[in-house]
Amino acid sequence: MGSATGVLAAPASAPTARVDVSELMTPVLFGEATAAGSGTESIHFSARTVGAYSWDLLNDVAVAGRTAYQQLPADVLEIGEAFEYQISHCDSSGCTAAPVKTGFVSPALGAGARPGATRLPFTIGDRVSAQVDVGSGNLTVDVSGFSVPRRTGGSIDVGLAYNSVTRRSEAHFVNSVGSADSGWRLSTGPDVRLRKEGGYVVYHGDSGLTGAFIPQAGTPGQYASPAGFKMDLTGNATTGWVLYDHNSGEERRFNGAGQLTSIEDRSNNAATFTYAPSGALATVTSDVGSAGARTLNVTTTGSGAGRITEVSQTTSAGSRSVVLAYNSSNRLASMTDQEGRVTEFAYSGSGNLQTVTAPGGAQTSFNYDTFGRVQKVTQPTATAPAGAVTRFAYFDDDTAVADPRSDQSLAPDFTAHTSYEHTTDGRLLVAKTIDQLGNERSSTYTPFLDVATSTNTSGTTTVGYDEAVNGGESMTGVTSATGASSAYGYGPNTDPNAGCATTSTAAQYQPSQSTDGQGNTSAYCYNETGQRVSTADFSSAKAEVSYNTDGTVDTSTSPSGAVTYYGYNYDGQVTSITPPTGSSLAGRSYTWDGYGRLATKTSGRGVTETYTYDKLDRILEVDYSDTTPTVTYTYEDAGRTDTRIDNSGTTSFDYDPLGRLTSRTHSLTGSASYTYDKVGNLATATNASGTTSYSYDARNLVTAMTPPDGRRIEFAHDADGRRTDTWFHVNTGRTRWAAHNHTDYDASSRIIRTWTSQASPNSGTANDNTRVSDLSYSYAAPATGACATAPAAGQDTSLRWTQTDNRTGLVTTYCYDAANRLTAATTPGGDSYGYTYDGNGNRIQTTKNGAVVQTLTVNNADQVTTTGYTYDASGNTTAAPGVGATVGYNGGEQMTARANATYRYAGTDQTELIRQSGGGVRERTYTYGRANSNGMPIIESYKDGTTSYGYLYDPQGTPLALQGGNTHYLALDGLGSPVALINHDGGQTGSYAYDPYGAVTATAVNGSGAIGIQIHGYAGGVIDHGSTLVHLGMRWYDPTTGRFTQQDSLETILDPSRSNRYEYSASNPTNYVDPTGLFWGTAWKVTKCVAAIGVAVAGVGLPALKLYRFAKAVGGLTDAAKLLVGATTRAEKIDAVAGALGSGAAEVLGIAGIVENC
């Protein structure tokens, strides 16, 4: 193709020519003259895509002078793509061109957790995980090492990260873990750094995230941020740089050499990094705990900065370390963790990471193309060491992914696969997903790479990012496919209801107000450092927090004015929580061990729990100062719980190589076992009734179950993966069945109708005319006059306003106050209810059909003070009508006695009720198995007296049928409550009716005794047949008062809707459920096994049980007193807080820490 320009009498030598910055979608070329020129001099740039016959990117673009920079055009090249360029030095007599060279858009732009990217996760071990970016093809492997807690900021995680695409030399990826081209790096410290290239500054962030900051013309030391980076960079190579994170409010400080020296939170608490003269990382020091607990020492070997060989911690409790070993090619060969377990790494001849062998022996292997993109991930199954193969194929415009169940003899794009079509801007984000059956979902993105629209076959959800608000990086609203919308405002809050004392620029990126789907507005105030100090909702309820100078919480005040005080030691660890006065509650106290883990916790009742850990911070023993038996845990080599021994007996667990539960056995109640297919779908489940097998379609959605009795259950789903039909005891062809459930959804995936019919499975042709339940729901505001507090008639909202019983024609209209609490459920021709609340969500009066049927008084701690109710110093109900005149608890706050009934549990909380007896019912023992989609272990079978019963569940853990001498299928309503039972012959055997808060009337039908043995009740909880109580996860719920009998262990401050720790589902039982006893979620998301269950925390979806599983990692510590701060980081992104008691195993204490964004 020759030179870009001709050569006449010209400069004597070609200019220096290079790609100066490749970590941009528009790489920067640099040219500098090497010879003298005459007259007017300039540098000329030409560039083209590989294979082009003309200079289609730059065509002889001239820049005056002897030194020049030139960016390539936008939206042409993609991440990792090569291009050709030529640079010439021209003067008045001609031009001299450098040879044509090849450059790249740095593949490092496709590494790490890059904004907007879609990554598929793979479990490797208990401390090792992998993800494949379907756009860039990058393999990320994350290995946990140490996690050092912070006083108020996020923890410092010191581990390892591998990124396959950074092995390419053009990635400019230097690290401290072995050779520079190995792909490995430390997750923090020396490998989170800045690199100056010309006027540009390249940021290498956590786990591989990479981007270049562009200098702002005319403002030295100011930079424009890369797309998707919500950060500000200021500084220079002389004084160093400061990187400010808009979301967290943290500042990362770098010295002139680009080394990370500190991370400071909003309150100027700093985690620091020190380096040896060679540049090697020496120490990592946090800002909480004793000197030993907060410090990690780093050992390196080799010349220069060397390579890291050990990270260690020495405290008064002892020493522990992570040791790294390398092979002869200076690549990471193994990591030995604090307990001496070894993770091994092996490589292909070209140096790519080929296998990872986790502790316990499970091995995962990877294959790549020549660009470092993953083509194959091979993992073990229970029956084959390389039984599950996921394959990737990359094309110009999309990526095809075939899961392990696909035909392995065919190329990924020629068998069942998911296609991920890329955006056209070269960033390799996913614009459209086409599943194995051809169903499409699409997304568009903002300039900050946030999702702007999300479209499926039902409709489009739009997320607003107003460019006039923080430049378009802050979410300003969400409009669902059906029209329901929410909005968020930023900037100074002038709402008089909020009463903000200061206007904080530090809170610029946090919302000052939010408006929900009903038009109710909440206002937020912040202090000078950007910490939220109050939240006021539209009902004028206000929750407040005051802070110490180090940013830890000093006091929290509920909407009722009750004040809780928090105390700390010199090291910043919480030592006491003093509850409001005027209640039964007494203070709690805490001590910490040398590693900074919780050592003891003393409850209000004076019972002290003492915790023993291993060096991986896993709980080994929980001991109680009273007579409550000790709970002990052991762990298998792979890191998962092996046994748990407690007062109920011994529970043993077995797993497949990837950690999926294969069996669970309790010494008293028996066992349950499971197998899985290559993808991880549940293949079989075995309980006391026998074995149930499951079948799936190409989308991995369940299509059928074959129970032990052979009476087949089949399922159907719509194009968006929502379950629409379940047929019980169905024949081939679905012409006969015993029962049939059908569910309709609106475009926002909310249930709008669900019905269940009964029929004969034995003869004739079944139909759906005989319905035992048929309920419709509307989310549009009712007609004018139906509810004075409702929005404009017909407006789509986020709440249910009517329920129609299509069998009887009765229509129930719901009304809510400005805090979205249910105030009325009116049913002309049926029973109508009214509810009155105080400012803290206590239900203080109930009316039925106009007559007052319940009046309650409460104290500062939200405890009922009406005659007949009493509480102990930990806040547990010790007497209540319908519950019992005497209710007792052990040292673990488990309810062990009620009236003349006794209860026994496994573990340290109330999740697993093992045995109950007395109270007018026969003794029952329960056998638990796998977890459901809410993270709760399901009851696989139980004994009622001496008779055994089993349950059938779908793969998500929703109960479908009770099996004993007969099979009884469950018909559920839109909250997940059983409303009818139908036996395997199609006869109805029971019915259930509920008041709005779940008080049940159960009726036997056709002489059946099924309602006396069926254990699933209101909102899917477990019925206590001897009282009014319902067992919901970790707590007992009393529908007669609409309250839990114990406080929520998740202590939520700064959110008026969650400050009452006895309140059930924010006093909105028509829309929300609380299946865990920890925090409520949107009912329509929980019901009918919608695949991705979200729990709404302060108005935004949080992955179900994320917090609960964290608590359970320590064996289910009770009264975790976790602090959920109702503060939001931009548009209601909530974080669970608090200060871990160590890495990986920790109870989060009410105030041990507070999210950095609050």
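Bear in mind that the values in this text are calculations on the coordinates, not laboratory data. Since we're looking at a predicted model, the values are computed, not measured. Positions of Cβ are backbone-derived with ideal geometry, glycine not excepted, and every protein chain shown enters the neighbour counts.
Take each peptide in 134-144, 633-643, count the other Cβ atoms within 10 Å of every residue, and average; sorted highest first, the result is 134-144, 633-643.
The phi torsions of the range 417-429, fed into the Karplus equation with coefficients 6.51, -1.76 and 1.60 and a -60° offset, translate into couplings of 7, 9, 9, 10, 7, 8, 5, 8, 8, x, 7, 6, 7 Hz, rounded to whole numbers, with Gly and Pro shown as x. Listed from fewest to most Cβ neighbours within 10 Å, the set 1076, 355 follows the order 355, 1076. In the range 405-472, with Lys and Arg counted as +1 and Asp and Glu as -1 at Cβ, which of these residues, 459, 434, 416, has the Cα nearest the positive end of the dipole, that is, farthest along it? Checked the options; the winner is 416.
Taking other C-beta atoms within 10 Å as the exposure proxy, 89, 1016 rank 1016, 89 from fewest upward.
Protection proxy ranking for 649-657, 39-47, using the average of other Cβ atoms within 10 Å per residue and placing the highest first: 39-47, 649-657.
If the segment from residue 56 to residue 630 were pulled out straight at 0.36 nm per residue, it would be longer than the present Cα-Cα gap by 199.3 nm.
Ordering 165, 233, 136 by Cα displacement along the dipole of the range 103-235 toward the positive end leaves 233 in first place; charges were set at the Cβ atoms of Lys, Arg (+1) and Asp, Glu (-1). Taking 13 Å as the straight-line reach from the Cα of residue 230, the aspartates and glutamates in range (excluding those fewer than 8 positions away in the same chain) are 245, 250, 251, 450, 473.
Each Lys and Arg Cβ is given +1 and each Asp and Glu Cβ -1; about its Cα centre, the range 796-886 then shows a dipole of about 180 debye.
Give the separation of the Cα centroids, the range 968-1017 to the range 674-737, in Å. Cα centres, the range 968-1017 to the range 674-737: 22 Å. Taking amide H positions as modeled 1.01 Å from N, with prolines and chain starts lacking one, the residues under 5 Å from residue 333 and 5 or more places away or on another chain are 325, 326, 327.
Multiply the residue separation of residue 316 and residue 503 by 0.36 nm, subtract the distance between their alpha-carbon atoms, and state the gained length in nm to one decimal.
62.9 nm
Length gained on full extension, residue 16 to residue 693: 236.9 nm, using 0.36 nm per residue less the C-alpha separation.
Place a +1 charge on the Cβ of each Lys and Arg in the chain and a -1 charge on the Cβ of each Asp and Glu, then give the dipole magnitude about the Cα centre in debye, rounded to the nearest 20. Could the numbers behind the result be given before it?
Values: 78 positive and 107 negative charges, 314 e Å.
About 1500 debye.
Applying the Karplus relation 6.51 cos²θ - 1.76 cosθ + 1.60 with θ = phi - 60° to the range 699-712 yields 3J(HN,Hα) values of 7, 6, 9, 5, 10, 7, 10, 10, x, x, 7, x, 7, 5 Hz, where x marks Gly and Pro. Rounded if a/c is under 1.5, else prolate if a/b beats b/c, else oblate: with a ≥ b ≥ c from the C-alpha gyration tensor eigenvalues square-rooted, which is the range 349-413? It is oblate, given that a/c is not under 1.5 and a/b is not larger than b/c.
Put simply, the amide H of residue 824, placed in the peptide plane, has neighbours under 5 Å in 815, 835, leaving out anything fewer than 5 places away on its chain.
Take 522-533, 815-826 and order them by the average number of nearby Cβ atoms within 10 Å per residue, most first; the result is 522-533, 815-826.
Starting from the 7 Å offset along Cα-to-Cβ, what nm value, one decimal, do you get for the label separation of residue 643 and residue 1006? Calculated label separation equals 4.8 nm.
Here volume of the Cα convex hull per residue in Å³ was calculated from the structure, and among [x] 173; [y] 248; [z] 202 it sits at label [x]. The shape of the range 171-299 comes out oblate: with a ≥ b ≥ c from the C-alpha gyration tensor, a/c is at least 1.5 while a/b does not beat b/c. When +1 charges are put on Lys and Arg Cβ atoms and -1 charges on Asp and Glu Cβ atoms, the dipole computed for the range 107-394 relative to its Cα centre reaches about 240 debye. The phi torsions of the range 238-254, fed into the Karplus equation with coefficients 6.51, -1.76 and 1.60 and a -60° offset, translate into couplings of 8, 9, x, 10, 10, 10, 9, 8, 5, 6, 8, x, 7, 10, 9, 10, 10 Hz, rounded to whole numbers, with Gly and Pro shown as x. Just to confirm my numbers, what's the Cα centroid distance between the range 647-667 and the range 111-157 in Å? So the two Cα centres are separated by 28 Å. The Cα atoms of the range 107-394 give a gyration tensor whose axes a ≥ b ≥ c have a/c of 1.5 or more with a/b no greater than b/c, which makes the shape oblate.
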